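The values are calculated or read from the model by the stated rules, or taken from the named source; none is laboratory data. Keep in mind the model is a prediction, meaning the values are calculated, not measured. SASA here: full protein model, heavy atoms, side chains in, ligands and nucleic acids out. Shrake-Rupley method; radii C 1.70, N 1.55, O 1.52, S 1.80 Å.
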Amino acid sequence: MRHSHPLHPPSPERSAEVRRRFAEEARSERPDLSALCLLVGAEADGALDEAALDAAQMELDRLAGELPFRPGSPRAWAVALRDLLGGRYGFHGVAADYQRLESSLLHEVLRRRRGLPIMLSVVWLEVARRAGAPVYGVALPGHFVVGFGSELGPAFGSEEERVLA
């Protein structure tokens, strides 16, 4: 991934194109979370061109490819993601960084391996989804976490374990 640089907004033409693509993706039947986050990044960082957008998506694909093939239970998926992203690659949050714009931009979180907890959750969700994990986002008061297992849970007849990470 590329090196750090001061963030500058895109040209007005690029900004209009990015906003159009964001609106189109957001209105689609199944919006792509990583694409939406990267388009937000392209609005903040004019250096995030098409090649850099593709590189960020490929990094998510690459990370997913490093997960064990179908590790098993929801807990096993959560442990595999923790070991890969938190352990091997050191993705983490640094409270002192939370005011930095880079901590809110997916492409920068992928490069720096640190960011806001919600952006780290996006990385977890997108890597897990690409690897075929039963994964979903969970909004809690003041927090956002990643769930593994059936989104409906035992109350809907599933005895499958659910894990929040």
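Would you mind classifying the range 37-117 by shape? Square roots of the alpha carbon gyration tensor eigenvalues, ordered a ≥ b ≥ c; an a/c under 1.5 is rounded, otherwise it is prolate if a/b is larger than b/c and oblate if not.
oblate
Excluding ligands, DNA and RNA, the accessible surface per residue across the range 21-144 is 49 Å² with a 1.4 Å probe. Within the set (i) 1.08; (ii) 1.17; (iii) 1.61, the number that Cα Rg over 2.2 N^0.38 Å takes when calculated for this structure is listed as (i). Springs between alpha-carbon atoms under 10 Å, Gaussian network over the chain: tell me which of P141, P117, P31 tops the mean-square fluctuations. Largest GNM mean-square fluctuation: P141. Share of carbon and sulfur in the accessible area of the chain stands at 57%, probe radius 1.4 Å.
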